[in-house]
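Just so you know, all these numbers are worked out from the coordinates, no wet-lab data involved. Just so you know, these numbers come straight off a predicted model, no measurement behind them. Ideal geometry is used to build each Cβ from the backbone, glycine not excepted, and the neighbour counts take in all protein chains shown.
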Amino acid sequence: MRIKTYVADNIQEALYKVKSELGRDAIILQTRQIKKGGLLGLFSKPKVEVIAASDVVREPKPPLRPASFDVLVGEKSRELENIRNDINEVKDLLKNLSAREIYVKHSENLPQPLNEVYEELSSAELDQSLIERLIDGLKSELAEKELDKSQVWACLKNKISEMIKITEPIDFAENQQNKVVFVGPTGVGKTTTLAKLAALFTLNFGKKVGLVAADTFRVGAVEQLKTYGDLLEIPVEVIFEPADVPKVMNRLSDCELVLVDTMGTSPRNKLQIKKIKSLIEMIKPTEVHMVISVTTKAKDVYDILESYKELNYQKLIFTKLDETKTYGLILNAIAFSNCSPSYLTAGQNVPDDIEVASGSKIADLVLGGCRR
Ligand SMILES: Nc1nc2c(ncn2[C@@H]2O[C@H](COP(=O)(O)OP(=O)(O)OP(=O)(O)O)[C@@H](O)[C@H]2O)c(=O)[nH]1
Ligand SMILES: [Mg+2]
């Protein structure tokens, strides 16, 4: 294979050079804009650099539709990215399967109730390491005491509850302004949950609540919050940039609880997460709650928790419990983040579909609700 670099004024000229020197079968490996000439790089003209290869041994292919070389390069790198993603998924799958396989082999000698426990926890999509931890705990209980089947399940429920550190869902301090920020991926239910809590604290607890929309990114986000504010007759302020924080907080100085809605963002959008971080640093909240939908793919939840870590969230809100029947993700997220769950939501109704999270409720959900 021959590899050569060409520099030209524009892409057409560069491709012409490639084709006339290396032939029509040449492959473009890379194109980029560079600056050449000028004094110390000043007044330099932008150029195009193309790296191409010829004499590449290739499988015969069906004829391609005419397309420019740079489009083909783009397609190739997208294809490569897709293949890389597929390989990673297969790797993860194999890792999980082999961990499960090893444990199933290892657990063949387990007494019957523990095999059943294993099956139940696996079908709840609980992380393999948590399943092993729970079963090992049960094994030692069984070694000490004779437990019948129902006692095994009761013991398991206790063990799950013990894994969950429960604190006040919102640590409301009297005589100070409590500021709670809600963060999380797009569409998980941040604004809806915030509205449910605003209603709860205003109508049930008689607190003076103010709302802040720090999401001016998504069309309609501010209006959505204003609608809830109007219904509850509570103030709604908007933050366009971190510098707005002092004056906005000042306008809400008589509110005992300020709930701040942030923009939803992909865990891969580092820039957006940084923006939310600067906002949080200005707000100096008393608490940050991370909102997670239980419909999230089990594998993605770790990425999400990891990417948002720099926002220093302390509590987790789990939403959309009504949209699945598998709840292992709740325990996986709690164990991974070492955070307390604060609220669980199971429906779109404001303010009804929300409840305070508890260890026994989460254990019930993981173990298949009221089946046991
Ligand atoms: N089924 C169900 N739907 C919910 C729940 N919570 C919120 N939703 C719905 O989820 C959708 C998105 O809710 P939002 O509150 O706008 O979500 P968000 O996280 O603020 O979204 P962005 O601001 O766009 O990131 C809406 O249709 C809500 O009604 C829940 O517990 N169960
Ligand atoms: Mg929102």
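Restricting to DSSP H runs of at least four residues, report the calculated mean residue ellipticity at 222 nm for the chain, -39500 (n - 2.57) per run over all residues, nearest 500 deg cm²/dmol. Intermediate values should be presented prior to the final figure.
Values: 12 runs with 164 residues, N = 372.
Taking each H run of at least 4 residues, the total per residue is -14000 deg cm²/dmol.
Arranged from highest to lowest average of other beta-carbon atoms within 10 Å per residue, in what order do the peptides 80-87, 282-289, 314-321 appear?
Top to bottom by mean Cβ count within 10 Å: 314-321, 282-289, 80-87.
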When the dipole is taken about the Cα centre of the chain, and only Lys, Arg (+1) and Asp, Glu (-1) are charged at their Cβ, what size is it in debye, to the nearest 20?
1660 debye
Picking from VAL73, VAL222, VAL245, which is most flexible by a Gaussian network model of the chain using Cα springs under 10 Å?
VAL73
Angle between the chain longest axis and helix 149-162 axis [Cα atoms, degrees, rounded to 10]
70 degrees
Tell me the relative contact order for the chain as a rounded percent, counting alpha carbon contacts under 8 Å between residues six or more apart.
17 percent
Mean-square fluctuation maximum in Gaussian network of the chain, Cα pairs under 10 Å, restricted to LEU194, LEU121, LEU22, hits LEU22
In nm, the gap between the two label points placed 7 Å beyond Cα toward Cβ at LYS145 and ASP230 is 5.8 nm
Tilt of helix 190-199 relative to the longest C-alpha principal axis of the chain, in degrees (0 to 90, nearest 10)?
30 degrees
Go ahead and set up a Gaussian network model of the chain, Cα springs under 10 Å, then flag whichever of VAL50, VAL356, VAL152 fluctuates most.
VAL50
Working from Cα positions, state the angle (0 to 90°, nearest 10) between the long axis of helix 128-144 and the longest principal axis of the chain.
30 degrees
Please list, in order along region 325-336, the HN-Hα scalar couplings obtained from phi with the Karplus expression 6.51 cos²θ - 1.76 cosθ + 1.60 (θ = phi - 60°), rounded to whole Hz, x for Gly and Pro.
10, 10, 10, x, 3, 4, 5, 4, 5, 5, 5, 5
Could you tell me how far the Cα centroid of region 117-192 sits from the Cα centroid of region 217-259, in Å?
34 Å
What FRET efficiency do you get for ALA8 and SER266 if R0 is 30 Å and r is their Cβ-Cβ distance, rounded to the nearest 0.05?
0.20
Farthest toward positive dipole pole in region 178-371 [+1 Lys/Arg, -1 Asp/Glu at C-beta], among GLN272, LEU259, SER342:
GLN272
